[in-house]
Amino acid sequence: GGAAGQRVLKVGQDKIDRLMDLIGEMVVAKNALPYLAQRAEDVFKQRELAREIKTQYSVINRIAEDMQHAIMQVRMLPVGTIFQRFGRLVRDISKKLGKDVALVIEGEDTEADKNVIESLADPLIHILRNSLDHGIELPAERLAKGKPEHGTITLSASHQGGSIVIEVRDDGKGLSREKLLKKAREKGIDAPDSMTDQEVWSLIFAAGFSTAEVVTDVSGRGVGMDVVKKNILGLGGTVEIDS
């Protein structure tokens, strides 16, 4: 797709990695030029030549930086490439759970490094499953609360500063402070009443922690949120939870 007349070329990851390596070597090589300029001046007393080398260096320096940036751009993909996969997942799982859930996607054109995007697929699946299983109530329960019977999960991406921010929101029942504290204490985790809400919410990232009353094949096996956290920290990211 893309702009009219824009042609798309599929390139293997290894070729792009090779370009990254080459530009790395070029950066090292160009950094020898200021030293040569210094020698021309100090050892050979060629001030004029030294100045020319420095001028040439600044040109090469600018080109190398532009090339590095251009290669980074080649590695960028819109997050929509993985977001698209989740529509079906949400449909299938909500059907299995007897729930009526729509997935709304926002900011799918937001771009990020290909490796980052591909590494986000698994954590996002865990988070979506969590929303479907624990967050969104059954239709009858929703109606009793005066909510529409169909639940909504919103998956959005945006750039903030130099980072990409991906948010998963659901209009389900939220987290229960009492339940989480009770569960943590059963697990032998130190959880005083003085904990802030934010600290209580982050208990769900503890290893082997599951608040599911019933272990289903969808979630509640105690794998999940701790793995999500580990994966995202491994990418150099952070993960936050709010209710």
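The values are calculated or read from the model by the stated rules, or taken from the named source; none is laboratory data. All of these numbers come straight from a predicted model, not from anything done at the bench. We place every Cβ from the backbone using ideal geometry, glycine too, and count neighbours over all the protein chains shown. Heads up: the accessible areas ignore ligands, DNA and RNA and are worked out on the full protein's heavy atoms, side chains in. Shrake-Rupley method; radii C 1.70, N 1.55, O 1.52, S 1.80 Å.
A few points about this structure:
- Note on the chain: dipole from Cβ charges, positive end direction compared against Ala157, Gln73, Gly208; the farthest Cα belongs to Gln73.
- Here the 3J(HN,Hα) profile of the range 99-109, calculated from phi with Karplus coefficients 6.51, -1.76 and 1.60 at θ = phi - 60°, is 10, 10, 10, 10, 9, 10, 10, 10, x, 5, 8 Hz, Gly and Pro shown as x.
- For the chain, excluding the exposed loop sites themselves (trypsin sites (Lys or Arg not before Pro), DSSP loop, at most 12 other Cβ atoms within 10 Å), the longest remaining stretch covers 146-220.
- Cα-centred dipole magnitude for the range 54-138, charges only on beta-carbon of K, R (+1) and D, E (-1), debye, nearest 20: 200
- Inter-probe distance in nm under a simple model that places probes 7 Å from Cα toward Cβ, at Ser243 and Gln46: 7.3
- Within the chain, helices built from complete DSSP H runs that reach 15 Å or longer along their own axis (Cα positions) and carry a mean Kyte-Doolittle hydropathy of -0.5 or higher are 13-30, 47-74, 86-97, 114-130.
- Amide H contacts of Gly151: Asp100, Val101, Ala102, each under 5 Å away and 5 or more positions distant or on a separate chain (H built 1.01 Å from N in the peptide plane; Pro and chain starts excluded).
- Over 26 Å apart at the Cα level, from the set Lys147/Lys230; Lys54/Lys114; Lys96/Lys173; Lys173/Lys229; Lys95/Lys230, are Lys147/Lys230; Lys54/Lys114; Lys95/Lys230.
- Rg and Dmax over the alpha-carbon atoms of the range 118-213 stand at 15.5, 44 Å.
- Accessible surface of Ser119 - all protein chains present, 1.4 Å probe, nearest 10 Å²: 50
- Here the chain is treated with +1 on each Lys and Arg Cβ and -1 on each Asp and Glu Cβ, and its dipole about the Cα centre works out to around 420 debye.
- Computed over the range 40-160, the P(r) curve from all C-alpha pair distances, binned at 5 Å from the origin, holds 2, 9, 14, 13, 10, 8, 7, 6, 5, 5, 4, 4, 3, 3, 3, 2, 1, 0 percent per bin.
- Within the chain, percent of DSSP bridges classed antiparallel, to nearest 5: 65
- Taking every alpha-carbon pair under 8 Å whose residues sit at least 6 apart, the chain reaches a relative contact order of 14 percent.
- Carbon + sulfur, % of accessible area of the range 53-182 - ligands and nucleic acids excluded, 1.4 Å: 53
- The range 150-203 versus the range 90-113: alpha-carbon centroid distance in Å: 19
- Val43, Val79, Val165, ranked by accessible area, largest first (probe 1.4 Å): Val43, Val165, Val79
- The modelled label-to-label distance for the pair Arg39/Ala102, using points 7 Å beyond Cα in the direction of Cβ, is 7.0 nm.
- Label point 7 Å beyond Cα of Gln198 along Cβ direction - residues of the range 173-187 with amide nitrogen under 16 Å: none
- Amide proton proximity set for Gln46, modelled H, under 5 Å, gap of 5+: Glu41
- For the range 19-90, the list of chymotrypsin sites (Phe, Trp or Tyr not before Pro) that fall in a loop by DSSP and count at most 15 other C-beta atoms within 10 angstrom reads Phe44.
- Over the Cα atoms of the chain, the radius of gyration divided by the Kirkwood radius equals 1.18; this is the Rg/Rh ratio.
- Projected label distance in nm at Asp190 and Val11, using a 7 Å step from Cα toward the beta-carbon: 5.3
- Take the Kirkwood radius over Cα pairs of the range 46-106, plug it into Stokes-Einstein at 20 °C and 1.002 mPa s, and you get 131 µm²/s for translational diffusion.
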